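To start, the structure under review is shown below, and the notes come after it.
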Amino acid sequence: MIRICDVSISFDELPILTNINIEIAKGELLVLLGKNGCGKSVLMKSIVGLIQNYSGSIFIHDNNIQYIRDQQECMSIFGYVFQKGGLFDSMSVYDNIAFGMRRNNVDEDTIRTTITQLLARVGLQGSEDKAPSELSGGMQKRVGLARAICQNPEIILYDDPTAGLDPILSDSIADLIIDIKHNYKTTSIVATHDLKVARKIADRVALIYDKNIVFSGYSDEFFSNYNEYARQFNNGDIEGPIDIF
């Protein structure tokens, strides 16, 4: 489904990621772990085409993502959940979710039905007319989830979806991510610092350290602490500052 081959990314000649190689199978949920600033978000933004200045190749269904230029085709492939919700402050909840569908000329009756169903799924029935500023952080994340799945994307990327939430809200977001994966049959990549959430949702885990992937394997293997890097990360003593919580 997704193949990342020898991808290296630098900003102003400062290397961020070097020779990244990983594959994500169709329907799989991969959790990206690593300390703050290790390049998790940079890698995800490269996958969806928000960052295009990299060496190497990223393939979706054996198609190089750099050659997928049609916006509607990209919208049908990807959903993206931003760390802070990424909602438009000047728009209502309804219009935030409708934004992408309207750009793709979906009719308003379909938009209305879709939004009603999605808000019910994320537990925000009746919130259509509220502004983002009227919502708690957890509610904004749920709107972001609804917006990400409104056009049934094949792939959803979640950038630190539980950041700033208390453990109960974090667990509810984890449940929603699992629900979306199973009900929408999506392939998912989740960047997070929350080890409890990672343990709950991950099929596989990739750990980024010192610009490389130093562990890639099944979740059970990562949390068994068999791998040296995994053990150090789980214990919070891998070299360099780690922002787990």
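The values are calculated or read from the model by the stated rules, or taken from the named source; none is laboratory data. The structure displayed is predicted, hence computed values, not measured ones. Cβ sites come from the backbone with ideal geometry, for glycine too, and all protein chains shown count toward neighbours.
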Just need a number here: residues in segment 52-69 that are touching a residue at least 40 places away in the same chain (Cβ under 8 Å) and either among the basic types (Lys, Arg) or touching a Leu at 6+ places or on another chain (Cβ under 9 Å) (or both).
1
Failed item in (1) of a type in the set (Gly, Ala, Ser); (2) modelled with pLDDT of 90 or more; (3) buried (at least 18 other Cβ atoms within 10 Å of the Cβ), with residue 120 passing the rest
(3)
Does residue 158 satisfy the criteria of being within 27 Å of residue 61 (Cβ to Cβ) and touching a strand residue (DSSP E or B) at 6+ places or on another chain (Cβ under 6 Å)?
yes
Can you find a residue that is modelled with pLDDT of 90 or more, polar (S, T, N, Q) and surrounded by fewer than 18 Cβ atoms within 10 Å (Cβ to Cβ) anywhere in segment 160-170?
no
Specify which of the listed residues (200, 181, 196) is farther than 27 Å from residue 117 by Cα, in a helix (DSSP H, G or I) and modelled with pLDDT of 90 or more.
196
Scanning segment 88-120 for residues that are part of a helix (DSSP H, G or I) and either of a type in the set (Asp, Glu) or in contact (Cβ under 8 Å) with a residue 60 or more places away in the chain (or both) gives 95, 108, 109
Taking segment 20-44 as the region of interest, how many residues are more than 19 Å from residue 153 (Cβ to Cβ) and under 11 Å from the mean Cα position of the chain (by Cα)?
1
Selected residue (only one of 42, 7, 48 is more than 20 Å from residue 216 (Cβ to Cβ) and either buried (at least 17 other Cβ atoms within 10 Å of the Cβ) or in contact (Cβ under 8 Å) with a residue 60 or more places away in the chain (or both)):
48
